[in-house]
Every structure is written in structure tokens, then in C-alpha cells.
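Worksheet: the structure to be examined is printed underneath.
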Amino acid sequence: MPYFAILNDIHVEGDEILKDLPRRNVVFLSNHQTYFLEAVTFFDLVYVRHQFPLEAPVLRFSAAEETMKKNLLTKLMTLAGGVTFKRSFREGGIDVQRPVDMDGVERVEEAIRDGWLLHFPAGTTRRGAPLRAGVSRLLHNTKAVAVPVRVDGFRDLLLHKQLPGKLFRSCSVKIHPPLELHDFYSQPYRKEAGQRILAELEGLVGDPRE
């Protein structure tokens, strides 16, 4: 789209691996700086730059339910491919504690099984937020191809809160090779193994702690 292709500079690295990925059961695990600009960029990368057909893969993105109800644009983004769930740890900028939204987890897992999902394991745009432990369980449940993605510079596009509009900025998207998960998937889930996977992922896509 012109906002990225002309009015700002988006540098993409590692996207040559996209053509070799299966068209189903792939999850891209990315850090999260804005509500939806990373998702728009990824849709542009897959369907415009690389001209994949819309039905193969079916690309979707995960999002907190309350976030995607904020305004008309976020509601439209949900219709365009958002997979929503209720966060168990945060709502409306406030830390909370509540049971895991199992219906939401099932929607996320189904989206992975049916195609490609862009997922944000920190679950928030807050700087320095840790990755959520449940991501390792999600991977083990789906046995998905897990591709780490590091984005930088997207916060610099925001005029106010989550409203984009700044021009002539540089952003980057780095797509890493898929995680090596054969041994992790071949064994029953163990918390220690899940923590090792999470630590590896944190090193690739985690934001520095504030």
C-alpha cells in the first residue's frame, strides 16, 4: 500500500523463505508495537509483494477482543482476518487476572491449522512486555511451523496513541528461519522444554525490558 511503499520505507529481510513454507499450519511469532500496522504490512508482503493467492495461504492475525472493538477501523480489520480472544492478564491497559479464554485459544489454533497466522506472543504493545508462557503450549498443541518475526520502527509511525500518520520513516521486518522443534513436538509437553523454547523466541523477537 502507498503509505508503506511510497510514504515510508519498509525494509524486509528473510522473506525469501515464504515460498518454501507449507500453506497450512504455520504461525509467525512477532513482537508487537502497534494495534494493526504490523498486520497490514504482513498482508501487503504476502499478497502484494509476493502475490500469493488469497486462498493459499489464508493469512490471519490474532488480536485481543477489546482492542478490535475500539473503532470502525479495528472492527474492519477483524472482518479482514482478525482472530480475537480475551486476554487473561490485561484489558483496556489494566493488568487483570482471569481464566484463560479457551474458546479464543481454539479459534487461534483453528486459524493455524487452516492457514498462516500472525501471532503476537507478548499479547500487548507495551514496551518490554515479556512473552506469554502459553505460546509454547500453543506450539505443542498445533505442531505448527513456527517462524519468528522481528519488527522495528512501527511505533515511530504513530501520531497519537495508536493513530498512524507520520511520514518518511524507516521500519524493518526480519523473518527468521523456522524454529527447530522436532524434539519438542515428538515428546509429551513438559514445562521445562516449553520454557527453553520461549527463551529462544524471546532472544529473537523480545523487546528490551524497560
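The values are calculated or read from the model by the stated rules, or taken from the named source; none is laboratory data. Keep in mind it's a predicted model, so treat the numbers as computed, not measured. Note that each Cβ is placed from the backbone with ideal geometry, even for glycine, and that neighbours are counted across all protein chains shown. Note: accessible area is taken over every heavy atom of the protein model, side chains too, but ligands, DNA and RNA are not part of it. Shrake-Rupley method; radii C 1.70, N 1.55, O 1.52, S 1.80 Å.
Worth pointing out:
- Restricting attention to segment 174-196, the residues being over 13 Å from Lys143 (Cα atoms) and in contact with a Leu (Cβ under 7 Å, 6 or more places away or on another chain) number 1.
- All conditions but one from (1) open to solvent by 40 Å² or more (accessible area, probe 1.4 Å); (2) at pLDDT 90 or above; (3) part of a strand (DSSP E or B) apply to Leu159; the one that does not is (2).
- Ala133 open to solvent by 50 Å² or more (accessible area, probe 1.4 Å), at pLDDT below 75 and not β-branched (Val, Ile, Thr): no
This table checks each residue for (1) modelled with pLDDT under 90; (2) in a loop (DSSP other than H, G, I, E, B); (3) open to solvent by 10 Å² or more (accessible area, probe 1.4 Å); (4) farther than 19 Å from Gly194 by Cα.
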position	(1), (2), (3), (4)
Arg98	yes, yes, yes, yes
Asp103	yes, no, yes, yes
Ala111	no, no, no, yes
Leu118	no, no, no, yes
His140	no, no, yes, no
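This table checks each residue for (1) touching a Pro at 6+ places or on another chain (Cβ under 9 Å); (2) open to solvent by 30 Å² or more (accessible area, probe 1.4 Å).
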| residue | (1), (2) |
| --- | --- |
| Glu13 | no, yes |
| Asn25 | no, yes |
| Leu29 | yes, no |
| Gln33 | no, no |
| Tyr47 | yes, yes |
| His50 | no, yes |
| Leu54 | no, yes |
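- Matching residues in segment 174-210 - criterion: being part of a helix (DSSP H, G or I), charged (D, E, K, R) and either touching a helix residue (DSSP H, G or I) at 6+ places or on another chain (Cβ under 9 Å) or farther than 30 Å from Ile10 by Cβ (or both): Asp183, Lys191, Glu192, Arg196
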